[in-house]
Structures are given as structure tokens and as C-alpha cells.
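Contents: one structure, followed by commentary.
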Amino acid sequence: MQAIFDIAVMLIILGVLISIHEAGHLSTAKLFKVYCFEYSIGFGPKLLHVKKKNGETYFSIRALPFGGYVSMYGEEGAVPEGMTPPPESRSLEGVAKWKKAIILLAGVTLNYLLGLVLIFLSVSCFEQYYYGQGIRFPSDDGATSLIAAYTPATYSAGSDAYEAIVSKKESALAVDDYVLFDGTNSYPSLDSQSQYGTIVDSDVVIHDKNGNPYQIDGEDATYVAVYAPTTLTSAHSLSGNIKLYPVSSLDPDSVSPLYAKIGVTHFPDEASLSSGGYFKPDSLADGSYYFDLDLILFPVVDDASSLSPWERKIPISPRLTVSNKSWSDPGISISVYSNRNSWSEAWQEWAYYVPESNIAIAKGLISLFTPAGISNLSGIVGMTVAVGTYSAMGGAASIFLYAGLISINLAIFNLLPFPGLDGWQLFVTIVEGSVDATKRKRFSSKQKKVVASAVPDPVASYKPWKIPSKVKNIVSYVGLALLLALMLGIMVKEIVGLF
């Protein structure tokens, strides 16, 4: 059912984005009296093909929902067979170059504006989900109503850690009064938000049953525990969402002394993060290895205590052992917290997401010119799979955010001057317009000299300069073929990767 939902949502997103894009071309073309033969969503065989009575344009839905087009007079092969061509003044080539540029830019402009609207709807109209609110622990009778109920076997009666928790029983502290303190979700610098999760323990050592550290190549191995939840819309176990990454050689203190203040002593290795190279316990024997996860519960309310929040924090160290080739669940679950933004909060989040998304998309496009960027390209299959991920991380809000990011990405990508894209046609239009303006100016100057000298003019009239249609068509077809081949290659890779 989840797969069907993801496919349906992806088809709706693509349908809306393509419809808006092509509607931009159609509306501006009609504004400038360019004759449009067809407005189509999708390619291939026709599923729907209708036209208003006495109308000019057919509206079509075709079988392959991977794009769309507006067929305009003046484009190669646009005139349907057997139809008398309209006047040349109504062709795409017959209008002024600035009008043609507006027509070409209209699609990406509407996509970009739609992206901004979708992002605002995401942060203003739906519940926003946050993790770590209301961390719950098992009590002896299985109840999970109080933090004070957490008395793991690893804590002996009378220990400081035990007393720190037991002392809270008298106040009947509610679980929602404390959150899991996240060390940082900004690494390897304070300027960037990590997409891989939040550091909750930066100094993890795995031990065997005799207490000896796990070693790699004869050296004790240290790991960074990253909390990377797969869902934020429902409660989930802590251990099932913890990943252990090898440490980076970068010293957090060299980036900022703030890291030391919150206890972050190591960053996770960036190469391991991007490749998913976290430590997998499936090679370890059950029960023979363990690690203690040093966590901090941090108060989120003021209980009128004279103590500071840091003095009221509760340290805990649940022990995780190998069980069924994964880390055991010590009984700690993470509840979720959600609320709706006020209008001012929504505008603040929107003002954060828009530049961040533009920068991320620009960096992604630049990375396409590197081997790593090409290998990380995502196609229709990966985009559809991502729907489920976004839905789990924030419900409708995240889906609208995802659709907005795709819309902005589509707008920026389409502006690239690559054959087959709007950016290429705009580039050709600019070149033709610039060269034609120069040649027209020279022709006009020459005509003035001819008139002044009273010598007969051998040139009857000026012919606008254009790149030969055959050249433009060949380049466009080659570009489209390359884009199609790339899409198919990525699709095959992603389908293989699912199994």
C-alpha cells in the first residue's frame, strides 16, 4: 500500500509541475498571438485529445508522464499534416525576440513561483513534527508514564546516575518535560545542517563481553553515534535509529569551541556518511559485544527551580548489545511532538528554506560535473521512493516541501543551456538576436551610404539572420537523446538497487 501511495503522490506532483510549466508557455504564447496546435501532458500515445469548439489548441494527456510540451507554429514539425499553416506573423519565429524569450522563460518562472508557494503551504498549513520530545523508558511493570521509572540493570542502587533519576519520582515529572539533548545537527561546521542525523554521543567504544575494546587493524575503534530517525510522525525505538560512524580526523574544537561545551569530541567521517558506511553489527556474535550510549535528558520547562537547566539535566547510559545481528532495544522509545506554526513563524521558516533550497540545488547542479555528482543522480524511481521518506519524516508538510523543492529544481535545471531544455532555446534566441541586431545595424548603415552615393542598391531587402534550422534540430535531437539515455540509465540503476 505504501508503494501505491508513493507512486500516486509522485504522479500527482509531476502532473501538477508539468501542467504549470507548459501552461506558462501556452499562456504567454497566446498573449503574443503565437498559434499553438497542442498542449500536452506526457508523451507517447494519446489518452485524451480534445479541443474547444472553434478553438485552436488541442489539450492532450499522453501515456508517458515524464514531461510535456506546447506545440507552437514555427517549431520544426509543429504543423499537423494536412493543415494550412497560419500566417507567418503568428509563428514563434515571427514575433519579436524579446517576446519569444518571455515565452521560453514563462515555464520555468511559473515552476519557480509554484515552488515558493508550495514551501510556504508546507510551513503554514500543516503540522510540523519534531523528534526527541517526550522520551519514554520502561518501568518494572511495563508502564512508560514517568521518566523516574527508568531503572536499567546497568545502574546499581545508590549510584549517582540512579539517584538522579529516582529523585524525580517525588515530583511526578511528566515525560514531555524532558527531551533527548542533541549534541549537534551541524557538522562539520556550525554553518551547515547535516542531512545525515544528529550527533548524540561522539565518543562510543564497542567492547566485547570481557570489556576489551573492539579493534580495527590492531587499534581501538572509536565511533560517533548519530540519531537518524526514519520517521518523525510516530513514536519509535531509539536503538533502531542509531548509526555508528567512524570518526573524522577533523577536530571539532578547531571549528568552534562551542562543540567542546556541548561535549562533541569527534565528527563522523564524511566519506562514511555519504556512502552509508556506518558500523553494522551483523558480523558480531549475539551477546558478545556491547556499547554504552551516553545520553543527556534536557529539561524544556522552567519548574521554578533555582538550578539552571544544565544543572537539572539527567545523564543516562543505556547499554546496547548485539541481538539478531542488530543492536538490542533497551526499551527506550522516542515520542514525537507536533504543532502548527503561527504566521510569523511560518514566514521565518519560509525565509530559511527558500535560500537554503536554492543553494542546495545549485550545489547539486554544479556537482553534476563531477564523478561523485553523476553517481548520486536520482531519477523517477529514486524520487518516488523519496516520497515515502518525506511522508514518514513530516506527513503532508514534508510532501508539500518536497514538491516545492522539485518544482524549484525543475525551474533551475531547465535554465541550463543544454540542448533540449528551455535554457538551450533561450541561449539560441539570445545568440540569434544579438548577431541579427549587429548585422541589421551594418545593413542599415550600408543602405544609408548607398542612398547618399545615389548608387543602385544590389540588395533588395534585409533577411533576418538565423542559425540554420537543420543545425538547430540536429543539436536539439542529440541533446534530447542524451537526456533520455541518462534518464533510462538512472532508472535501470535505481531499479536494480531496490533488489
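The values are calculated or read from the model by the stated rules, or taken from the named source; none is laboratory data. Bear in mind that the values here come from a model prediction, so they are computed numbers and not experimental data. Cβ atoms come from the backbone with ideal geometry, glycine included; neighbour counts cover every protein chain shown.
Remarks
- For region 393-400, the criterion of being within 19 Å of residue 488 (Cα to Cα), modelled with pLDDT of 85 or more, in a helix (DSSP H, G or I) and not assigned by TED's automatic domain parsing to the domain that holds residue 241 is satisfied by no residue at all.
- Residue in region 278-287 that is free of Cβ contacts under 8 Å to residues at least 40 places away in the same chain, surrounded by 12 or more Cβ atoms within 10 Å (Cβ to Cβ), assigned by TED's automatic domain parsing to the domain that holds residue 190 and in contact with a helix residue (DSSP H, G or I) (Cβ under 6 Å, 6 or more places away or on another chain) present: no
- Matching residues, region 392-414, being of a type in the set (S, T, N, Q) and within 13 Å of the chain's Cα centre (by Cα): 398, 407, 409
- For region 193-231, the set of residues classified as aliphatic (A, V, I, L, M) and touching a residue at least 60 places away in the same chain (Cβ under 8 Å) consists of 199, 200, 204, 205, 206, 225, listed by residue number.
- Restricting region 240-267 to residues that are buried (at least 18 other Cβ atoms within 10 Å of the Cβ) and not aliphatic (A, V, I, L, M), the residue that is nearest to residue 202 (Cα to Cα): 266
- Of all the listed residues (466, 449, 441), the sole one being exposed (fewer than 14 other Cβ atoms within 10 Å of the Cβ), at pLDDT 80 or above, more than 16 Å from residue 99 (Cα to Cα) and not aliphatic (A, V, I, L, M) is 441.
- Residue within region 18-37 that is closer than 30 Å to residue 349 by Cα and without any contact (Cβ under 8 Å) to a residue 60 or more places away in the chain present: yes
- The set of residues in region 248-273 being assigned to a loop (DSSP other than H, G, I, E, B), of a type outside the set (A, V, I, L, M) and under 11 Å from residue 188 (Cβ atoms) consists of 248, 249, 251, 256, 266, 267, 269.
- Applying the criterion of being of a type in the set (A, V, I, L, M, F, W, C) and modelled with pLDDT under 85 to the residues of region 220-239, the residue that is surrounded by the most Cβ atoms within 10 Å (Cβ to Cβ) is 238.
So that you can scan it fast, the table gives a plain yes or no per residue for (1) closer than 19 Å to residue 383 by Cα; (2) buried (at least 16 other Cβ atoms within 10 Å of the Cβ):
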site: 5; (1), (2): yes, no
site: 14; (1), (2): yes, yes
site: 23; (1), (2): no, yes
site: 28; (1), (2): no, yes
site: 31; (1), (2): no, no
site: 42; (1), (2): yes, yes
site: 63; (1), (2): no, no
site: 81; (1), (2): no, no
site: 84; (1), (2): no, no
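- Matching residues in region 310-338 - criterion: being loosely packed, with under 14 Cβ neighbours inside 10 Å and either assigned to a loop (DSSP other than H, G, I, E, B) or not assigned by TED's automatic domain parsing to the domain that holds residue 290 (or both): 310, 311, 324, 325
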